[in-house]
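Working notes for the structure below.
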Amino acid sequence: MAKMIKNKVKINQKTSYKHFDILLKISLILGITIVSGFIIYYVLNPEPGYVTFGILNENKRAENYPTKASVNETIFFYVSVGNHLNRDFLFQIRIKKGNNNTILASSMESNGTLVLIVGNFTLKNKDNWISEQLNISFSEIGENQLIITELWQITKESLIKFYNNVYLRLNITA
């Protein structure tokens, strides 16, 4: 009787090992398939790129911007652009002045007064560009006067389309 029980236990163990072996193989195949799928997806759909765009103060730093100026006082600044699109980026910078009536939105150009267009540039992937020193002054007193810098993308078809804008607000006094 004890021998029969031992034989049954051995048969049950063999069956259990066979079931475990089959489950292990299925799990490994599923795991490999899922991981491969994620790898293929990542290779075919890389993270979207981006462009950095900003105004730098007269010391080429992104801090301590002027908030007040006098009438006809010259304000110095730089514009910076960084390309992280995984391709070349062709662009142009437009400098504008604005006031309380100027409409600003990141999805469209402003209705500010155009002061200067800073050339057409091609920026390679992972490169940064800083403009020559730029300057602007205001001839009238007013609060919330704006220095607006707009980034325009130049497409391969030589079309120029609005990309983004950044601005500084100033209070102009006598």
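A few comments on the model shown:
- Residue match in the stretch 157-165 (condition: surrounded by 13 or more Cβ atoms within 10 Å (Cβ to Cβ) and closer than 20 Å to residue 62 by Cα): yes
- Residue check for residue 151: touching a strand residue (DSSP E or B) at 6+ places or on another chain (Cβ under 7 Å) and closer than 11 Å to residue 93 by Cα: yes
- Looking across 150, 132, 140, one residue alone is at pLDDT 95 or above and not in a strand (DSSP E or B). It is 132.
The values are calculated or read from the model by the stated rules, or taken from the named source; none is laboratory data. Since the structure is predicted, the reported quantities are computational estimates derived from the model, not experimental observations. As a convention, Cβ positions derive from the backbone with ideal geometry for all residues, glycine included, and neighbour counts pool all protein chains shown.
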